[in-house]
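The values are calculated or read from the model by the stated rules, or taken from the named source; none is laboratory data. The model shown is predicted, which means the values in this text are computed figures rather than measured ones. Here the Cβ positions follow ideal geometry from the backbone for every residue, glycine too, while neighbour counts run over all protein chains shown.
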Amino acid sequence: MFFNRTNLNKLKELVSQRLLLSQEQLIYNYTQKCSYTDVKMKWKKDSSYDSIEIIHGSQELKPLISLKNCIANEPEGCIPIHSVSKRGLELGVPIKVARFLRQYPSVFEEYIGPKYNLPWFRLTPEAISLNKEERAVYEDQRSDLVKRLKKLIMMTREKKIPLKIIQGVQWYLGLPEDLLQNLEQYLDSSFKLVEMEDGLRGLGVDTEERMLSLIQKNAIKRGVYLEGSSMPLAIPLFPSKGLRLKRKISNWLNEFQQLPYVSPYEDSSHLNPNTDVSEKRVVGVLHELLSLFVEYSAERKKLLCLRTHLGLPQKFYRAFERHPHIFYLSLRNKTCTVLLKEAYSGDSAIETHPILKVREKYIRLMRKSHAIIKQRRQKGRSSELHGVNLDSEAEIEAAAKGYPIRPTTYNKLLQTHSIFSNSLNYYCLFDQAAVRQFLHPTCRKSHVPPSSPILQLNTSQKVVFNRSHNNQFTNKLSELISSNQISTVVSSKAASKNDNIVRADDEDGVSLGTMKLPSNIDIPRFESLLFQWANSLCQGANLPLPVPLKVDKITGGARLGFITIGDGETEVPVYIDCLVFPATDGSGPIFRAIRNGAMKDQSPPGEPRIMQSLLLALKKSVEIARV
């Protein structure tokens, strides 16, 4: 009896030992199968993803939308430049705010404000229309946008996230800019404000709703997945053209797709971070996160703030490099941007973000600005060089450096850059030395032979021929013309009419010239540009003047006053009125420049430079102010 009991005890011990051994072998086999495999893949450039305009134009669009909102939120729909000039860092503007606004004339329109002659900005009609469409989308698709925010919060471990983190990803989620300031207006009762570590305020979600990831939803539609099951799910792959994988990597990728899929909305604290199952969970979290964003992409460094809240490992960004069939890293614009390939494939099952189409329209409107600026520059150049052939352009550039030019080219240059001329003054571009050679032949310099028909042009030295010089200069020109040494320099009245510049009558003051304006010109806009040009003269940076100027805005244009300083007093003995006269029944709108004041019969110092600058400003203003 005792022997039998002893055999039974030994038999139980042997059976228990074998069971333990079998359990250890099962655990050992499972651990080996799910161990982490170190795979390194080379990055390969794909131009099809690098050329997606909405992704790489988002860097410029974000500060533009912020400035647009600053203007649109004002009751009058316009702002002075000083209200945003110091907020560049806050609005994310990489350069000076004024310069940034002027880079996009298709979105922002500049004009002179009602006070202190400061530049103001308002939205163009196209931008106003887009802003209304954007606000309508935010209103109609509010539930969709709020659900995307709820998904982000439910992906976190504690179902709550700091408000500053939400502000950092607010642009990517496509949320309204004033969301955090009006939480009660946008969010429902499932959201709640909570206190987090370090005294931070956060936003939490209190709901029993079960969330399904995008991969799970698509698998249910295909009929290969049952909700609530732990079946392995394959993540959609989209290989780039020309990207070949080694056999070892290809075999590992096939095994990776057969591993269990852990939803981003499920608890993953039981997973070993050093296994391929945990890596597949990381890939699933990043896949779901990018599918919530507007452009399905984000700057890689901007995702670092979500690491601890989403339960990602410290070097989670390596998943982008290890899975090039799922993610693509774009290095365009010196920025590492990660995008989800599935969103830009032909058979994508990802729903389009509601705000995506609006942003695409903003990008197209922004691109129109480059064409507008280019067109303005081309028109400005063509108006300045109108009538000068290609052979003469090289000589004009050489003349600006002080080299001699031929008289025929000089004649065309005078016709192109002709300043207002009348019976009192001739504004010419002759060099000082050339003028002395005309008026005083005995004072010729040794390096200019008497019979040389070539004149020296120096654009930095202008000469004014007043009433005493007119006859002498005209007679000398007549002698040179008759001897075929130089062609006609002073344009006739008929030639001036062809350039829309005609001689004006002398009424109250001395008329410096009249210019016919096109009938389709915006007169208020033209006057604003004219006054802006006058203000630029006071700075003296682009056009240094020997006397200070005083600029006043008058009815119909601007007034340039030449200031003289006496014993504690300042006087304006002479001024130039730049006036615009509207169209009448018999004629179209015209521009007139009139010198007036106590010393109106004398040319003030610096007037030739002002008149030359005025002509160029008029030509450019006419092109800009056309309706």
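Summary table
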| read-out | value |
| --- | --- |
| Residue in segment 556-565 that is over 38 Å from the mean Cα position of the chain (by Cα) and outside any strand (DSSP E or B) present | no |
| Restricting segment 606-620 to residues that are under 12 Å from Leu530 (Cβ atoms) and in contact with a strand residue (DSSP E or B) (Cβ under 9 Å, 6 or more places away or on another chain), the residue that is surrounded by the most Cβ atoms within 10 Å (Cβ to Cβ) | Leu614 |
| Any hit, segment 259-277, residues being part of a helix (DSSP H, G or I) and more than 24 Å from Ser345 (Cα to Cα) | yes |
| Failed criterion for Lys192 (all others in (1) outside any strand (DSSP E or B); (2) touching an Asp or Glu at 6+ places or on another chain (Cβ under 7 Å); (3) not polar (S, T, N, Q) hold) | (1) |
| Residue count for segment 291-303, restricted to those that are without any contact (Cβ under 8 Å) to a residue 60 or more places away in the chain and either basic (Lys, Arg) or not in a helix (DSSP H, G or I) (or both) | 4 |
| Residue identified as exposed (fewer than 15 other Cβ atoms within 10 Å of the Cβ) and closer than 26 Å to Ala625 by Cα among Leu64, Leu118, Leu101 | Leu118 |
| Residues within segment 199-225 that are surrounded by fewer than 11 Cβ atoms within 10 Å (Cβ to Cβ) and part of a loop (DSSP other than H, G, I, E, B), tallied | 3 |
| From Arg609, Arg595, Arg559, residue being farther than 14 Å from Glu527 by Cα and modelled with pLDDT of 85 or more | Arg595 |
| Of the criteria (1) within 23 Å of Ala349 (Cα to Cα); (2) surrounded by 14 or more Cβ atoms within 10 Å (Cβ to Cβ); (3) free of Cβ contacts under 8 Å to residues at least 12 places away in the same chain, which one Gln170 fails | (1) |
| Some residue of segment 583-604 being aliphatic (A, V, I, L, M) and under 21 Å from Pro114 (Cβ atoms) | no |
| Matching residues in segment 40-59 - criterion: being surrounded by 17 or more Cβ atoms within 10 Å (Cβ to Cβ) and in a helix (DSSP H, G or I) | Tyr49, Ile54, Ile55, His56, Ser58 |
| Any hit, segment 167-178, residues being in contact with a strand residue (DSSP E or B) (Cβ under 7 Å, 6 or more places away or on another chain), outside the structural domain of Pro63 (by the TED database) and within 19 Å of Gly92 (Cα to Cα) | yes |
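Every residue, every condition in (1) in a strand (DSSP E or B); (2) hydroxyl-bearing (Ser, Thr, Tyr); (3) at pLDDT below 95; (4) closer than 30 Å to Met196 by Cα, yes or no:
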| site | (1), (2), (3), (4) |
| --- | --- |
| Arg99 | no, no, yes, no |
| Tyr116 | no, yes, yes, no |
| Ser143 | no, yes, yes, yes |
| Arg148 | no, no, yes, yes |
| Thr156 | no, yes, yes, yes |
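Table: residues versus (1) touching a residue at least 24 places away in the same chain (Cβ under 8 Å); (2) in the same structural domain as Leu173 (by the TED database); (3) part of a loop (DSSP other than H, G, I, E, B).
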residue: Leu253; (1), (2), (3): yes, yes, no
residue: Lys280; (1), (2), (3): yes, yes, no
residue: Gly284; (1), (2), (3): yes, yes, no
residue: Leu289; (1), (2), (3): yes, yes, no
residue: Cys305; (1), (2), (3): yes, yes, no
residue: Thr308; (1), (2), (3): no, yes, no
residue: Phe320; (1), (2), (3): yes, yes, no
residue: Leu329; (1), (2), (3): yes, yes, no
residue: Glu351; (1), (2), (3): no, yes, yes
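Here is a yes/no grid of residues against (1) exposed (fewer than 15 other Cβ atoms within 10 Å of the Cβ); (2) of a type in the set (A, V, I, L, M, F, W, C); (3) over 30 Å from Pro524 (Cβ atoms); (4) out of contact with any strand residue (DSSP E or B) (no Cβ under 8 Å at 6 or more places or on another chain):
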position	(1), (2), (3), (4)
Glu109	no, no, no, no
Glu139	yes, no, yes, yes
Lys151	no, no, yes, yes
Met154	no, yes, yes, no
Lys160	no, no, yes, no
